[in-house]
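The values are calculated or read from the model by the stated rules, or taken from the named source; none is laboratory data. Fair warning: this is a prediction, and the values are worked out from it, not measured in the lab. Please note: Cβ atoms are built from the backbone with ideal geometry, for glycine as well, and neighbour counts cover all protein chains shown. Accessible surface is based on the protein model in full, side chains and every heavy atom, while ligands, DNA and RNA are left aside. Shrake-Rupley method; radii C 1.70, N 1.55, O 1.52, S 1.80 Å.
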Amino acid sequence: MEWIILLIKIIVVFNLAQGLASICVWVERKGSALIQDRIGANRAGAYFYTDNILLKPVFAVVRLLGILGIVNTLFCDAVKGLFKEDFVPKGTSNFIHSLGPFMAVFPVFLAYALIPVAPDFEIGGYKIRPQVANLDVGVLFIFAMASIAVYGVTIAGWCGNNKFSLLGGLRSAAQMISYELALGVSLVSMVILYGTLDLYDMVVKQTVLIGGFLPAWGIFTQPLAFVIFFVAGMAETKRAPFDLPESESELVAGYFTEYSGMKFLLFWLGEFAEIALLSALVVLMFFGGWDIPYVTLPGDWIGALIGHIVFVSKVVFFCILQIVVRWTLPRFRYDQLMHLGWKILLPASLLNLLITAVLKLAL
Amino acid sequence: MEEIIWYIIAGLTLASALGVLIMKKPLYSAFCLVLHLFMIAALFALLDAHFLATAQIIVYAGAIMVLVVFVIMLLSLDGAEKKPSYFLGGLSLVAIFALFKMLLPALRDTFSVSGTNLQGDVKSIGLLLYTKYIYSFEVASILIMVAIVGAVILAKRTKKNVTT
């Protein structure tokens, strides 16, 4: 029975990760069109007609999805990726060439094992915590996986066997090391504040009210840490304004220039899974997870379901926010990027850590 | 079940350590070392020492090895192939046997301890670090501080030489 529960948890969380990544892909394609005053993908599937009475409702649904661009972005692009030629450049082996996209996707999905997706609930006498692995290192494990994700990009950059890819790989390695510091230090101040490394306990600590009216969400108790964490996290996902590793106007496509077909799509999947992971972390640490202020959720499966819906809505909100930022701001210059990381975010996070530690001791 | 996983991980640990030595390209050697450190973290995790495993990944696989790979890529050593040195190889073989002979009694002790009540969680390690081993902890942090100051001085000096 324990194994079955674990299997169900793995399926739910893995599908959540995949689903969030897919929603992000669709919002990226269609939302970017809205932002740039275009129409965007709306053709594939939009002309599905049939005379068969039984199949008419199905085709109507497909037509609607086609007009919304979902068929194009989630189905046609994937099929196209599967059937494209998988080109391996001269001078590298197929094994190490495949290792790049693998290392870009695998750590991100592994990190989802530590994300609690709903409050505890009891069903049929079993007390279930909707979290795949309950390690006592908690959020540190996610941080370790984030530090492993650098290899995917560096291997990919090296495998391209050309200067543009190599430059992209080098830039991304430098960028990720630089912003990991600010990310880690702002994380430490949250750990000090909550007194735990476990993400579930962090959410529980946020469900109380300060002074009877203000929810004890991390955004209200640690606003500076939120700004640092969110900005550094966005730099870790390597998207505009931090997309120097793949800046298409100077480096063709940076580290994945030489990738095509499904391997290229895997980089995309990893990127969007990373966006959703960052959103989930922000929601769990700064926005109370599944907590609705002034409302206590029931302890059964209905409460867990409501909590899950609330959690996922918050995560989707932050995914959309990141995509809007990506299509609004221009790219940084390289020295500006390093200046922001080392001279603004890192000292600010250290100052925040000091203040948090002093206040924690004093109060 | 756990024993089978142990054998797989132990085999991969040894194979990747061997790979560091026998790979022709420096970058492949570096990636083998990454795999090796990762597998050692997996061995820690099998002993329920999750904190040690995570720290191993963050510090060695995630930070130090990234710098090594970074430097290899920056110097673009992929054209350079390692030349085998039989003298150094023989010397290190002798050294390994001597070390193994010295460490054998200690190794016997560790094998008898493994699997019982190893305290590898965050709280117990934190308590040990900040009470029993506080002096060595502080000395290590001062050592790292010295390294940082040294790096800054080196960077500043080369800059001055270039301008004058």
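Here is how the numbers come out for the structure above:
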read-out	value
Residues (more than 23 Å from the chain's Cα centre (by Cα) and surrounded by 17 or more Cβ atoms within 10 Å (Cβ to Cβ)) located in region A:117-142	A:F121
Which listed residue, of A:W290, A:W301, is under 22 Å from A:G233 (Cα atoms) and touching a residue at least 24 places away in the same chain (Cβ under 8 Å)	A:W290
Residue list for region B:11-31, filter: more than 8 Å from every other protein chain (Cβ to nearest Cβ) and closer than 19 Å to A:A149 by Cβ	B:A30
Filter result for the condition that a residue is buried (at least 21 other Cβ atoms within 10 Å of the Cβ), within 11 Å of chain B (Cβ to nearest Cβ) and of a type in the set (S, T, N, Q), over A:S147, A:S93	A:S147
Answer from A:V310, A:V324 - the residue that is surrounded by fewer than 20 Cβ atoms within 10 Å (Cβ to Cβ) and out of contact with any His (no Cβ under 6 Å at 6 or more places or on another chain)	A:V324
Odd one out for A:P245, checked against (1) in contact with a Cys (Cβ under 9 Å, 6 or more places away or on another chain); (2) over 30 Å from A:K360 (Cα atoms)	(1)
Unmet criterion (only one of (1) out of contact with any Ser or Thr (no Cβ under 8 Å at 6 or more places or on another chain); (2) within 10 Å of chain B (Cβ to nearest Cβ); (3) more than 28 Å from A:Y255 (Cα to Cα)) for A:N134	(2)
Only one of A:S186, A:S172 that is touching a residue at least 60 places away in the same chain (Cβ under 8 Å), of a type in the set (S, T, N, Q) and over 22 Å from A:K263 (Cβ atoms)	A:S186
Hey, B:V66 surrounded by 16 or more Cβ atoms within 10 Å (Cβ to Cβ), within 29 Å of A:L170 (Cβ to Cβ) and without any contact (Cβ under 8 Å) to a residue 12 or more places away in the chain or not	yes
Counted residues, region B:25-60 - those being under 20 Å from A:G184 (Cα atoms) and open to solvent by 30 Å² or more (accessible area, probe 1.4 Å)	7
Which listed residue is closer than 28 Å to B:A49 by Cα, away from chain B (no Cβ under 14 Å) and among the basic types (K, R), from A:K127, A:K84	A:K127
Some residue of region B:91-99 being modelled with pLDDT of 85 or more and touching a helix residue (DSSP H, G or I) at 6+ places or on another chain (Cβ under 6 Å)	no
Which numbered condition A:I53 misses (of (1) part of a loop (DSSP other than H, G, I, E, B); (2) open to solvent by less than 60 Å² (accessible area, probe 1.4 Å); (3) aliphatic (A, V, I, L, M))	(2)
Qualifying positions in region B:33-57 - out of contact with any Leu (no Cβ under 8 Å at 6 or more places or on another chain) and closer than 23 Å to B:M73 by Cβ	B:L33, B:V34, B:H36, B:L37, B:F38
Any chance A:G66 is surrounded by 17 or more Cβ atoms within 10 Å (Cβ to Cβ) and not in a helix (DSSP H, G or I)	no
Matching option when the condition is touching a Gly at 6+ places or on another chain (Cβ under 9 Å) and farther than 30 Å from A:G81 by Cα, among A:T196, A:T257	A:T196
Whichever residue in region A:150-172 is open to solvent by 10 Å² or more (accessible area, probe 1.4 Å) and in contact with a Pro (Cβ under 7 Å, 6 or more places away or on another chain) and, among such residues, is farthest from the other protein chains (Cβ to nearest Cβ)	A:R171
Selection count where residues are open to solvent by less than 80 Å² (accessible area, probe 1.4 Å) and in a helix (DSSP H, G or I), scope region A:327-343	5
Residue tally, condition over 12 Å from A:I96 (Cβ atoms), over 16 Å from the mean Cα position of the chain (by Cα) and assigned to a loop (DSSP other than H, G, I, E, B), over region A:143-162	1
Hits in region A:32-48 - residues which are open to solvent by less than 20 Å² (accessible area, probe 1.4 Å) and out of contact with any Gly (no Cβ under 7 Å at 6 or more places or on another chain)	A:S32
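Table: residues versus (1) open to solvent by less than 20 Å² (accessible area, probe 1.4 Å); (2) part of a helix (DSSP H, G or I); (3) in contact with a helix residue (DSSP H, G or I) (Cβ under 6 Å, 6 or more places away or on another chain).
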position	(1), (2), (3)
A:V185	no, yes, yes
A:I192	no, yes, yes
A:G212	no, no, no
A:F226	no, yes, yes
A:V231	no, yes, no
A:A235	yes, yes, yes
A:A240	yes, no, yes
